[in-house]
Amino acid sequence: MNYKKLADMLFPNINTTISYYEEKVFPIRNLKTGAKVTRLGPSPTGFIHLGNLYGAFVDERLAHQSEGVFMLRIEDTDEKRKVEGAVETIISSLKYFGLNFDEGATIDGEKGSYGPYFQSNRVEIYQCVAKYMIEQGRAYPCFCTEEELEEVRKLQEAESVNTGYYGKWAKDRDITVEEVQAHLDNNDSFVIRFKSNGTTEGIFEIEDAIRGKLQIHENYQDAVILKTNGIPTYHFAHVVDDHFMRVTHVVRGEEWLSTLPIHYEIFKTLGWDTPIYCHTAHLMKMDNGSKRKLSKRKDPELGLGYYMDLGYHPAAVREYLLTILNSNFEEWRINNPDSNIDDFEFTLEKMSNSGALFDLDKLNNISKDILVKIPVEEIYDFLMKWSIGHKTEIIDILNKNKSEVMKLLSVGRSGDKPRKDLMYCEQIFEFISYFFDEYFEIADKYPDNIDEAEAKKLLQAYLNTYNHNDNQSEWFDKIRIIAEENGYAAKPKDYKKNPDMYKGHVGDVSSVIRIAIIGRATSPDIWEIQQIMGEKKVRERIEKQLI
């Protein structure tokens, strides 16, 4: 077989060589010893999920901790799956969570010297490598139709053998130059297949940076590397790009382990060093007492849009992800409560390979811990920024009441045991919404031992004695007096000792007042909230409940 003639016949317009790209276009990067080059390679399908962020965080830490390079490559070779605006969504979503790329695709184009960073713009590069593989006898054109491939599959099933295009089932594996020319003269469409040297029994070993040494069955399939339109498949584009972009570590989910044999064989066929593979564990959740994978269909929290729509602070999400990425992070955080998250030394060795358990409740608790450390001014700015993109109807009231909002957010945040009430923007606004008349509502009921008539009696007594200038001690002394005068214990412990002597205790009276003013049975310090509201609003709220 004259492979050179075959290659020229199939790719007459490809005159570049692999060495040209290696030496002139994509030379070895000038980085310090040990520096890692990583890439995130999402497809522009319109859905970017937590798994993308999880892997991207690993990529970013590996690269930046080693003074290497972290890049964004858009893997857009599948025309059918492309969604308009998806690239912008990917870039803006990752930016929201604080992931900064050193090179790659951006909203305004591309940056970096190893592009194009959109695979759809690298077709000539892939075809150059495919042509070389044909010249070496390791790739060939396949003119089989869908109907012929289906017929092969049926025969394989009838014989109870592995399905696919390989060995004796690979009809065009030994196609002649003359047969190829006849097909081309007939304008028959074709794909380019990789000619595998693997066997169904063969095993190879590879070291995975997370999973350790793996023994995997060889690839034996003659996989398609270029489709009929000359565009590469994922398998081929991944290998070619990672080589030319000088990627050192490939971080991806464990679902890609099944594709490792084909990638490994292509790397070896081309004589290229294989990057270090890092196959991360699936993100799991507890469901009815058992673990299962997070599902796009069942679990809205899988999509990054979920966290952006609710307004989780990126610092909280990053902090939480590190707790499930590295088993020693929480211990480090306990010992370094005020340290910057980037001071933590992330390692692949501390990653789980058996399923990372995602817990939304834990994220919320971590979010509370993070937000209590963020200055109120920053929380206000974050809330404003979020409202512009996700809740435009509150922009004006946040703007007009900036001082009051910041005071409301500050209540109970000082001292040795600050309140940890804030989790994400949607909840933060709901938490302070009682302040605004247009959002105020009575959400909770009065205590069971107090009916409406009794509540009005207590509220009238409160209104009669209310003085906005009272300090906190004076204010509560008056509530205690109201309680005693109306048959309630001045102290909860007194009521507990002799419940038959009282209607209730001072806490019940306070709850009636709290519900009338903010609509809720629990809240931060009600005296502080009244000081922020002002006397007029406090009196109006009480008077409304007396009607």
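The values are calculated or read from the model by the stated rules, or taken from the named source; none is laboratory data. Model, not experiment: these values are computed from the prediction. Heads up, the Cβs are rebuilt from the backbone with ideal geometry, glycines too, and the neighbour counts pull from every protein chain shown. These area figures cover heavy atoms from the full protein model, side chains too; ligands, DNA and RNA do not enter into them. Shrake-Rupley method; radii C 1.70, N 1.55, O 1.52, S 1.80 Å.
Taking 18 Å as the straight-line reach from the Cα of K32, the aspartates and glutamates in range (excluding those fewer than 8 positions away in the same chain) are D59, E60, E67, D102, E103. Once the chain from N449 to E540 is taken as fully extended at 0.36 nm per residue, the excess over their C-alpha distance is 30.2 nm. Heavy atoms only, probe 1.4 Å: what % of the accessible area of the stretch 297-416 goes to carbon and sulfur, would you let me know? Solvent-exposed carbon and sulfur of the stretch 297-416 make up 46 percent of the total. The H on the amide N of I225, modeled in the peptide plane, is under 5 Å from the matching H of I192, R193, F194, each at least 5 residues off or on a different chain.
Solvent-accessible surface of the chain, taken per residue with a 1.4 Å probe and all protein chains present: 49 Å².
With all protein chains in place and a 1.4 Å probe, the accessible surface of the stretch 204-252 carries 51 percent carbon and sulfur.
With a cut-off of 13 Å between beta carbons, the residues surrounding D448 carry a summed charge of -3, where Lys and Arg count +1 and Asp and Glu -1. Between the Cα long axis of helix 86-96 and the first principal axis of the chain there is an angle of about 50°, rounded to the nearest 10. One decimal place: the segment N365-I334 gains 9.7 nm when fully extended, by the rule 0.36 nm per residue minus the C-alpha distance. For the chain, the longest principal axis of the C-alpha atoms and the axis of helix 234-244 are separated by about 90°. Summing charges over neighbours of K391, with a neighbour being any other residue whose Cβ is under 12 Å away from its Cβ, gives -4 when K and R count +1 and D and E count -1. Rg and Dmax of the stretch 368-413, based on Cα coordinates, read 10.8, 29 Å. Taken over the alpha carbons of the stretch 483-547 as equal point scatterers, the Debye sum produces base-10 log I(q)/I(0) values at 0.14, 0.21, 0.22, 0.26 Å⁻¹ of -0.48, -0.86, -0.90, -1.04.
If R0 is 25 Å, the Cβ-Cβ spacing of M1 and L149 corresponds to a FRET efficiency of close to 0.60. For D188 and M501, the difference between the fully extended length at 0.36 nm per residue and the C-alpha to C-alpha distance is 102.9 nm. Taking 20 Å as the straight-line reach from the Cα of K493, the lysines in range (excluding those fewer than 8 positions away in the same chain) are K478, K503.
By a 1.4 Å probe calculation restricted to protein chains, V411 has an accessible surface near 10 Å², given to the nearest 10. A compact globular protein would have a Cα radius of gyration near 2.2 N^0.38 Å; the ratio found for the chain is 1.35. For the chain, the antiparallel share of DSSP beta bridges with both residues in that region comes to about 55%. The label point for Q156 and the one for T200, both projected 7 Å from the Cα toward the Cβ, are 1.0 nm apart. A cut-off of 5 Å between modelled amide H atoms, ignoring neighbours fewer than 5 places along the same chain, links L214 with I206, E207, D208.
The local environment of G355, defined by Cβ-Cβ distances under 11 Å, has a net charge of +3 under the rule Lys, Arg +1 and Asp, Glu -1. How are the Cα pair distances of the stretch 328-399 distributed, in percent, across 5 Å bins from 0? Bins of 5 Å from zero give 3, 12, 15, 17, 19, 12, 10, 8, 3, 1 percent of pairs. Against the main long axis of the alpha-carbon atoms of the chain, helix 260-270 sits at an angle near 40°.
From a point 7 Å beyond the Cα of K268 in the direction of its Cβ, which residues of the stretch 191-220 have a backbone N at a distance under 11 Å? Only 197-199, 202-206, 216-220 fall inside the zone, counting backbone N under 11 Å. Between D8 and T228, the C-beta separation translates, for a Förster distance of 22 Å, into a calculated FRET efficiency of about 0.65.
Alpha carbon centre of the stretch 377-430 versus the stretch 330-362: separation in Å? Computed from Cα coordinates, the inter-centre distance equals 28 Å. Computed from label points 7 Å out along Cα-Cβ, the spacing between D396 and E438 is 0.5 nm.
The lysine pair count for the stretch 134-244, using Cα distances under 21 Å and pairs eight or more places apart or on different chains, is 6.
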